[in-house]
1. Please tell me if Leu320 is away from the ligand (no atom under 12 Å from the Cβ), of a type outside the set (Phe, Trp, Tyr) and either closer than 15 Å to Ser207 by Cβ or modelled with pLDDT of 95 or more (or both).
2. Taking region 268-278, which residues are more than 6 Å from the ligand (Cβ to nearest atom) and in contact with a helix residue (DSSP H, G or I) (Cβ under 9 Å, 6 or more places away or on another chain)?
3. Which strands (runs of 3 or more DSSP E) sit wholly inside region 107-221 and have at least 1 residues that are within 24 Å of the chain's Cα centre (by Cα), buried (at least 19 other Cβ atoms within 10 Å of the Cβ) and within 16 Å of the ligand (Cβ to nearest atom)?
4. Which of the residues that make up region 242-267 are assigned to a loop (DSSP other than H, G, I, E, B), within 13 Å of the ligand (Cβ to nearest atom) and buried (at least 18 other Cβ atoms within 10 Å of the Cβ)?
5. So is Ile286 in contact (Cβ under 8 Å) with a residue 24 or more places away in the chain, in a strand (DSSP E or B) and under 20 Å from the mean Cα position of the chain (by Cα) or not?
6. Quick one: Leu224 ticks every box in (1) more than 16 Å from the ligand (Cβ to nearest atom); (2) part of a helix (DSSP H, G or I); (3) not β-branched (Val, Ile, Thr) except a single one, so which number is it?
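The values are calculated or read from the model by the stated rules, or taken from the named source; none is laboratory data. Computed from a prediction, not measured in an experiment: that's the story for all the values here. A quick note on method: Cβ atoms are made from the backbone with ideal geometry, for glycine too, and the neighbour counts reach across all protein chains shown.
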Amino acid sequence: MSVLIFAELDEGKLKKSSQEAIFYGAKVAAMLGTSATAIVIGQADDSELASAGRFGATKVLHAADGKLNEPNGMAYATVVSAAAQQESSKVVVLAKSSLADAMTARLAGKLKAGLAANVIELPDLSAGFRVKSSIYTGKAFAYNDLKADVKILAIKKNTITPEESEATASVETFSPTLNENDFVITVKKTEKATGDVLLPEADLVVSAGRGLKGPENWAIVEDLAKALGAATACSKPVSDLDWRPHHEHVGQTGIKVSPNLYIAAGISGAIQHLAGVNSSKVIVVINKDPEAPFFKSADYGIVGDVFDVLPRLTKAVQGL
Ligand SMILES: Cc1cc2nc3c(=O)[nH]c(=O)nc-3n(C[C@H](O)[C@H](O)[C@H](O)COP(=O)(O)OP(=O)(O)OC[C@H]3O[C@@H](n4cnc5c(N)ncnc54)[C@H](O)[C@@H]3O)c2cc1C
């Protein structure tokens, strides 16, 4: 009876959010007095798979059927469900992502499991099996009592900071039976957003809004992002105006981010924007209007002109 963790790959490497999920799953396994097994789907070499051990998995099941090379919520749910049954897992953990969103409800159906999404803490076993999750785009918390025999926990990114050990996991090939129903929806091609650091995964984000006046001024945003090793993001009007690509738009109708640091330059802080960023650990706001609403949600605020402040910040970071 091990805790099973679905670990997602990105170009053959375990995603950072999946390393967090493995670490979280291993902690839950320790609480339950059992071990943690990761299920990995797609192409990856053995040393990468074994590296799941660094985050606490003792075993990795590797499903490498060529039909699974493109992420497919239906087929992946079948594979994870089969792995959970093989391992008699009562707890299945995965990191929230668009792929996980396509899988979790299907997985819950297949395993007749209780499901909690956006989980942000380890379960409280003194109260049965209670997990705290973030709801209403981070404005409130829900406490979920999972009473089903099998429980699925979709954890929010940046919920837990993994500690790494030198351990390696054993790797076993896993080849469950897949049938044509698993491929009713096929993914023909996946196009990845370009950029040095991918926004949904980023630890640091430099974001800018209409205060930048036009796309020709984005070099000062990119310079700071480059100096920090951060991803770039923007407000909705900026992408609507085609100043920046749509995949950079954060907020209620865009990407939800939860980085360790979110720098917002020339963004007013409308509620719809905050909905996508208010799980950030530290928010720094740069705005020339001291009454800009974003300051109310900021950990640090700089009242100033972005055209003055951003280059100075970049210089300061480069000088570190
Ligand atoms: C249904 C719905 C969904 C929406 N979804 C989203 C969403 O997902 N994401 C999102 O971002 N928005 C969303 N919006 C839009 C949102 O309401 C705001 O209109 C938008 O976030 C404002 O973008 P902004 O802050 O870049 O621009 P503005 O509101 O124009 O603010 C620009 C800011 O820059 C400051 N500024 C100007 N010049 C400078 C300077 N030189 N130096 C420093 N500061 C300067 C100004 O003081 C101002 O605060 C949505 C709206 C609706 C109705």
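1. Against the criterion (away from the ligand (no atom under 12 Å from the Cβ), of a type outside the set (Phe, Trp, Tyr) and either closer than 15 Å to Ser207 by Cβ or modelled with pLDDT of 95 or more (or both)), Leu320 does not qualify.
2. Gly269, Ile271, Leu274, Val277, Asn278
3. Of the strands (runs of 3 or more DSSP E) lying wholly inside region 107-221, those with at least 1 residues that are within 24 Å of the chain's Cα centre (by Cα), buried (at least 19 other Cβ atoms within 10 Å of the Cβ) and within 16 Å of the ligand (Cβ to nearest atom) span 204-208.
4. Within region 242-267, Trp243, Arg244, Gly251, Gly254, Lys256, Val257, Gly266, Ile267 qualify.
5. no
6. Evaluating Leu224 over (1) more than 16 Å from the ligand (Cβ to nearest atom); (2) part of a helix (DSSP H, G or I); (3) not β-branched (Val, Ile, Thr) leaves (1) as the failure.
Residue by residue, here is whether (1) in the same structural domain as Ala230 (by TED's automatic domain parsing); (2) within 9 Å of the ligand (Cβ to nearest atom); (3) out of contact with any Pro (no Cβ under 9 Å at 6 or more places or on another chain); (4) not in a loop (DSSP other than H, G, I, E, B) holds:
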| site | (1), (2), (3), (4) |
| --- | --- |
| Ser280 | yes, no, no, no |
| Phe295 | yes, no, yes, yes |
| Val309 | yes, yes, yes, yes |
| Thr314 | yes, no, yes, yes |
